[in-house]
Amino acid sequence: MNLSFMDKLAEKIMPLANKLGSNRYLTVLRDAFMLSFPLTMFGSIVVVINNLPFFSDQTKGQLGTLFGNGQNATMSIMTIFVTFGIGYYLSKSYELEGIFGGAVSLASYLILTPFVMLTESGEEISGVLSLDRLGAKGMFIGMIAAFVAAEIFSRVTKKGWMIKMPVGVPPAVSRSFAALIPATVTLFAFLIINAVVVGVFTTNLHDVVYELIQKPLVGLGSSLPATLLALFLVQFLWFFGLHGQIIVNSVMDPIWNTLMLDNLEAYKNGLELPHIISKAFMETFTVGLGGSGMTLAVVILLVFVMKSKQSKDIGKLALAPGLFNVNEPVIFGLPIVMNVTIFIPWILAPLVVTLFNYLVMAIGLFPTPTGVSVPWTVPIVFSGILATNSVLGGVLQIIDFILVAIIWYPFVKIMDKQQLAME
């Protein structure tokens, strides 16, 4: 592999990657998930506290009764926050009032949501919302409804179909009347859709989307080949200086978040965790090892093993951020971007480690992440323990760290010798 080949490849790849990275809908989706981030973090902390491994089942039950709403009001209804966020940010992208776009999108989603719940005995209770409709099971219908609602709301508003109040009317009142017709048109559209689905097909759109779209996509996203492909694309795009995580995760995050919520629900109920791959798995056992490309091991090699001054200086600069999984200093300082010498370990290490982690979790040697969302900035070992509710999660991260160091060592050594000769 020579640099001219990489240059030609970059000419083909970068325009497409730039288009994906700046795509309006992918950007909105990313921002909507970030809106729910502080809330899901809080919910995750509550789950961790309620389920500490040294608590008895009775204690866990009592804590769940006392503090369970901390999770019910955050992670369990994550679709509400994502739906509102999509409406808000998409409306803002059209330079409209985001707050009304968010409210209309949320209301549109709720119009499609059955206010009926079946008990275990088969009894139907009306006038209630089931948590699973507001969480993992309702995620895809929520995203679809929010995008469509925000588009209708924005297009009707742009056409000027609004009530304009006289000058002197308070701004809040004026904005409310301006949003009245666009909101009414949008909500009526969703009301008619729901009436047709319920009245003609005697079902609800949630179940239709879940069976036809969400289940197949979740099945694909939880597979090992799809995960390795996503990781490869992240690394490949970063090699050309493009933020691979933002580009790829914009597509994969809805699937991985749904898998994470499925795991969390099973964990809460004491059931076997259904998925190995999830958002928690990707954050803890890829990004949680030093950032994209798992570069904390590389930084440690630069500081403590390599001999050239340049290697040591770069390592020292990148060490503190790397402990908290921020690795731009090493990506652009080593550099990793467009550095053919280290293309192989940069691509190979995450794929090998992810494959290893999947296999040892699949055979039950190490625990699967419970579905608790751990901030990606939590240092190695601690994040593994929190994500799996087991010390073995931290042990697995240490093993991963060693694997990355072994894969990278020969290539970093070659660079170090070159730098020594120059010095």
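The values are calculated or read from the model by the stated rules, or taken from the named source; none is laboratory data. Every value quoted in this text rests on a predicted model; they were computed, and no experiment measured them. Neighbour counts run over all protein chains shown; Cβ positions are idealised from the backbone, glycine included. To get the accessible areas, we keep the full protein, side chains included, count just its heavy atoms, and leave off ligands, DNA and RNA. Shrake-Rupley method; radii C 1.70, N 1.55, O 1.52, S 1.80 Å.
Side notes on the structure shown:
- Qualifying residue in the stretch 323-345 (condition: modelled with pLDDT of 90 or more, within 24 Å of the chain's Cα centre (by Cα) and buried (at least 16 other Cβ atoms within 10 Å of the Cβ)): no
- Of everything in the stretch 178-236 that is in contact (Cβ under 8 Å) with a residue 24 or more places away in the chain and hydroxyl-bearing (Ser, Thr, Tyr), the residue that is surrounded by the most Cβ atoms within 10 Å (Cβ to Cβ) is Thr186.
- Leu106 vs. criteria closer than 30 Å to Phe236 by Cα, modelled with pLDDT of 85 or more and buried (at least 18 other Cβ atoms within 10 Å of the Cβ): no
- Filter result for Gln418 (surrounded by fewer than 15 Cβ atoms within 10 Å (Cβ to Cβ), of a type in the set (S, T, N, Q) and either touching a Phe, Trp or Tyr at 6+ places or on another chain (Cβ under 7 Å) or in the same structural domain as Val330 (by the TED database) (or both)): yes
- The numbered conditions (1) of a type in the set (D, E, K, R); (2) surrounded by 14 or more Cβ atoms within 10 Å (Cβ to Cβ); (3) modelled with pLDDT under 85 are all true for Asp57 except (2).
- For Gly85, the stated conditions hold: it is assigned to a helix (DSSP H, G or I), within 21 Å of Ile255 (Cβ to Cβ), touching a residue at least 12 places away in the same chain (Cβ under 8 Å) and open to solvent by less than 50 Å² (accessible area, probe 1.4 Å).
- Within the stretch 192-244, the set of residues being among the β-branched types (Val, Ile, Thr), assigned to a helix (DSSP H, G or I) and farther than 24 Å from Leu26 by Cβ comprises Ile192, Ile193, Val196, Val197, Val198, Val200, Val208.
- Scanning the stretch 237-273 for residues that are open to solvent by less than 30 Å² (accessible area, probe 1.4 Å) and of a type outside the set (A, V, I, L, M) yields Trp238, Phe239, Phe240, Gly244, Asn249, Ser250, Asp253, Pro254, Trp256, Asn257, Thr258, Asn263.
- Test: residue in the stretch 64-81 that is open to solvent by 40 Å² or more (accessible area, probe 1.4 Å), without any contact (Cβ under 8 Å) to a residue 40 or more places away in the chain, part of a helix (DSSP H, G or I) and polar (S, T, N, Q): yes
- Residue under evaluation Leu96, criteria (1) part of a helix (DSSP H, G or I); (2) in contact with a helix residue (DSSP H, G or I) (Cβ under 8 Å, 6 or more places away or on another chain), criterion not met: (1)
- Any hit, the stretch 283-303, residues being more than 15 Å from Trp408 (Cα to Cα), free of Cβ contacts under 8 Å to residues at least 40 places away in the same chain and open to solvent by 10 Å² or more (accessible area, probe 1.4 Å): no
- Against the list (1) surrounded by 15 or more Cβ atoms within 10 Å (Cβ to Cβ); (2) assigned to a helix (DSSP H, G or I), the condition Met165 fails is (2).
- Scan of the stretch 304-322 for residues that are more than 16 Å from Asp416 (Cα to Cα) and surrounded by 17 or more Cβ atoms within 10 Å (Cβ to Cβ), ordered by number: Ala318, Leu319, Pro321, Gly322
- Residues in the stretch 248-263 that are over 8 Å from the mean Cα position of the chain (by Cα) and among the acidic types (Asp, Glu): Asp262 alone.
- Test result for Leu355, within 21 Å of Tyr267 (Cα to Cα), over 19 Å from the mean Cα position of the chain (by Cα) and at pLDDT 95 or above: no
- Ala349 without any contact (Cβ under 8 Å) to a residue 12 or more places away in the chain, farther than 30 Å from Ser76 by Cα and not basic (Lys, Arg): no
Residue by residue, here is whether (1) within 26 Å of Leu106 (Cα to Cα); (2) in contact with a Ser or Thr (Cβ under 8 Å, 6 or more places away or on another chain) holds:
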residue	(1), (2)
Pro38	yes, no
Phe42	yes, yes
Leu52	no, no
Ser56	no, no
Leu66	no, no
Gly70	yes, no
Ala73	yes, no
Met78	yes, yes
Thr83	yes, yes
